[in-house]
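Engineer: Structure provided below as structure tokens; questions to follow.
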């Protein structure tokens with residue numbers, strides 16, 4: 001794995017243990033090409049809820065994101081994230097790492113430096129998408145981890161059905177990249193959310 005663009009372009013990253021599935025460079029590049037039209041990186045805060053190697057959050061850091069929060073529960077993957085953060089040095093100065101599950105992290109009050117987050121990325125184990133993601137999406141709204149205009153992205157297996165976004169989210173794009181699918185939605189304006 002490597003950083004695709006930005007200040008750390010070409011920097012190789014450590015891979016996590018075998019029981020995680022990193023987002024490939026090709027998929028990450030396609031995702032960030034889509035996000036470039038939606039986000040202004042120097043003003044963007046990022047929340048990666050199943051961070052794995054941290055590659056998505058560190059890619060955002062390389063592109064100048066203002067604050068990045070990485071959440072990962074597997075100890076070996078957390079060690080990998082920490083090593084990758086060190087590799088980027090000052091570029092990753094605004095990256096914070098939280099060890100624990102996505103659900104537990106979101107149960108706290110949204111009082112982190114990045115909240116409400118402009119960009120939330122979720123790449124859970126594929127077999128957990130149907131059971132965990134609907135509640136995660138609800139909690140993001142209820143606990144105010146996201147706000148109007150926040151971009152929320154789910155990576156899932158392209159063999160699984162497309163996600164049904166809750167009413168507070170407006171689907172922006174869904175695209176398959178071989179075995180991987182990327183679903184992007186934008187949190188609706190507050191007036192529409194209330195309706």
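The values are calculated or read from the model by the stated rules, or taken from the named source; none is laboratory data. Since the model is a prediction, treat every value here as computed from it, not as a measurement. Here the Cβ is made from the backbone with ideal geometry for all residues, glycine too, and neighbour counts use every protein chain on show.
Engineer: Can you tell me which residues in segment 131-177 are part of a strand (DSSP E or B) and closer than 26 Å to residue 109 by Cα? It would help to see each step written out before you state the result.
Structural biologist: First, pick out the residues of segment 131-177 that are part of a strand (DSSP E or B): 146-157, 169-177.
Result: 146, 147, 148, 149, 150, 151, 152, 153, 154, 155, 169, 170.
Engineer: Follow-up. Could we say that residue 106 is assigned to a helix (DSSP H, G or I), farther than 19 Å from residue 172 by Cα and in contact with a strand residue (DSSP E or B) (Cβ under 9 Å, 6 or more places away or on another chain) here? Show your work before the answer.
Structural biologist: Details: assigned to a helix (DSSP H, G or I): yes; farther than 19 Å from residue 172 by Cα: yes; in contact with a strand residue (DSSP E or B) (Cβ under 9 Å, 6 or more places away or on another chain): yes.
Here the answer is yes, as residue 106 does meet what is asked.
Engineer: Just to check your reading of the model, which residue among 191, 114 is within 20 Å of residue 46 (Cα to Cα) and modelled with pLDDT under 90?
Structural biologist: Numbers: 191 fails: within 20 Å of residue 46 (Cα to Cα).
From the options 191, 114, the qualifying one is 114.
Engineer: Let me ask another. Going by what's in this entry, would residue 151 be described as in contact (Cβ under 8 Å) with a residue 40 or more places away in the chain and either touching a helix residue (DSSP H, G or I) at 6+ places or on another chain (Cβ under 9 Å) or crowded, with 21+ Cβ neighbours inside 10 Å (or both)? Step through it out loud before you land on a result.
Structural biologist: On the way: in contact (Cβ under 8 Å) with a residue 40 or more places away in the chain: yes; either touching a helix residue (DSSP H, G or I) at 6+ places or on another chain (Cβ under 9 Å) or crowded, with 21+ Cβ neighbours inside 10 Å (or both): yes.
Yes, satisfied.
Engineer: Being farther than 15 Å from residue 69 by Cβ and over 14 Å from the mean Cα position of the chain (by Cα) is the filter here; which residues of segment 108-128 pass it?
Structural biologist: Looking only at segment 108-128, we keep the residues that are farther than 15 Å from residue 69 by Cβ, and these are 124-128.
126, 127, 128 - these are the residues of segment 108-128 that are farther than 15 Å from residue 69 by Cβ and over 14 Å from the mean Cα position of the chain (by Cα).
Engineer: Next question, about the same structure. Which of the numbered conditions does residue 96 fail, given that it passes all the others? Conditions: (1) over 21 Å from residue 183 (Cβ atoms); (2) part of a loop (DSSP other than H, G, I, E, B).
Structural biologist: Among (1) over 21 Å from residue 183 (Cβ atoms); (2) part of a loop (DSSP other than H, G, I, E, B), residue 96 violates only (2).
Engineer: Any residue in segment 124-143 that is over 23 Å from residue 53 (Cα atoms) sitting within a Cβ distance under 7 Å of a residue that is at pLDDT 90 or above and in a helix (DSSP H, G or I)? List the pairs, counting only those 6 or more apart or interchain.
Structural biologist: 139/106; 143/106
Engineer: Here's something else I'd like to know. Checking residue 95 against (1) over 18 Å from residue 166 (Cα atoms); (2) out of contact with any helix residue (DSSP H, G or I) (no Cβ under 9 Å at 6 or more places or on another chain): exactly one of these is not met. Which one?
Structural biologist: Of everything listed in (1) over 18 Å from residue 166 (Cα atoms); (2) out of contact with any helix residue (DSSP H, G or I) (no Cβ under 9 Å at 6 or more places or on another chain), residue 95 misses just condition (2).
Engineer: Continuing with the same structure: So which residues in segment 52-88 are closer than 20 Å to residue 7 by Cβ and under 10 Å from the mean Cα position of the chain (by Cα), if there are any at all?
Structural biologist: 54, 55, 56, 57, 60, 68, 69, 70
Engineer: If only one of 76, 30, 51, 5 is surrounded by fewer than 22 Cβ atoms within 10 Å (Cβ to Cβ) and outside any helix (DSSP H, G or I), which one is it? I'd like the intermediate steps shown before the answer.
Structural biologist: Numbers: 76 fails: outside any helix (DSSP H, G or I); 30 fails: outside any helix (DSSP H, G or I); 51 fails: surrounded by fewer than 22 Cβ atoms within 10 Å (Cβ to Cβ).
One residue alone meets the criteria, 5.
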